[in-house]
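The values are calculated or read from the model by the stated rules, or taken from the named source; none is laboratory data. Just so you know, these numbers come straight off a predicted model, no measurement behind them. Note that each Cβ is placed from the backbone with ideal geometry, even for glycine, and that neighbours are counted across all protein chains shown.
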Amino acid sequence: MPATYEPIATTTLGSAAATITFSSIPATYTDLRIALVGSLSGGGNYGNLRFNSDSGSNYSVTILRGNGSAASSARQSNATEILYQWTATASSSDLVFHSVDVFSYAGSTFKTALFSLSQDANGSGSVERNVGLWRNSAAITSVNLISSSTWNIGTTATLYGIKNA
């Protein structure tokens, strides 16, 4: 069956903010997708994802990244959020596209998230693919996208619900 995407909420920042939050997420979809296009101020180069404002040490992530001349990987266990990162040399005007798929978000099992991140960075960009795990069986009702500094004005994030047709 083909999947249908329904926008649940969109946020476009009118002022810089350290966190973008989607709350009151209904449990009527099979999966979620977050699409974010934006940039960070203050030389920040990473973001974090939290579910249901949970800051306990029950997240883990495996990170794969490449920038055209080198590839690297990393892993975090027992973290307080799911980390995602982009080019450390990026300027605050370099846009980044983030896509986060959260599978079976309303189910009663641990939650997995697949991150896809792409950045041009004026010819010296990078790509990153991460798999995150939230070791909690509660339904996800809110998502926090937390920056290492602040999301710039104009950053836009949209939360989609995915249904099987």
### Summary
Residues of region 155-165 being buried (at least 18 other Cβ atoms within 10 Å of the Cβ) and either over 10 Å from A17 (Cα atoms) or not polar (S, T, N, Q) (or both), in sequence order, are A157, L159, Y160, G161
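If a residue has to be under 12 Å from G14 (Cα atoms) and not in a strand (DSSP E or B) to count, how many in region 141-165 make the cut? Full working, then the answer.
The initial filter retains those residues of region 141-165 that are under 12 Å from G14 (Cα atoms), namely 151-156.
When the remaining residues are screened for being not in a strand (DSSP E or B), the result is 152-155.
Count: 4.
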### Task
Filter the strands (runs of 3 or more DSSP E) completely within region 12-104 down to those with at least 3 residues that are under 20 Å from R135 (Cα atoms) and at pLDDT 85 or above.
31-38, 46-51, 59-66, 71-79, 96-103
### Task
Scan region 105-126 and give yes if some residue there is part of a loop (DSSP other than H, G, I, E, B), β-branched (V, I, T) and touching a residue at least 60 places away in the same chain (Cβ under 8 Å), otherwise no.
no
### Query
Can you find a residue in region 129-137 that is of a type in the set (A, V, I, L, M), at negative phi, surrounded by 14 or more Cβ atoms within 10 Å (Cβ to Cβ) and modelled with pLDDT under 90?
no
### Query
Which members of region 27-59 meet the condition of being buried (at least 18 other Cβ atoms within 10 Å of the Cβ), among the polar types (S, T, N, Q) and under 18 Å from T109 (Cβ atoms)?
none
### Task
Mind listing whichever residues of region 128-165 are over 19 Å from F115 (Cβ atoms) and of a type in the set (A, V, I, L, M)?
A138, A139, I153, A165
### Condition met for N152 (loosely packed, with under 14 Cβ neighbours inside 10 Å and either at pLDDT 75 or above or within 10 Å of the chain's Cα centre (by Cα) (or both))
no
### Task
State yes or no: is S124 out of contact with any Leu (no Cβ under 9 Å at 6 or more places or on another chain) and either at pLDDT below 85 or surrounded by 16 or more Cβ atoms within 10 Å (Cβ to Cβ) (or both)?
yes
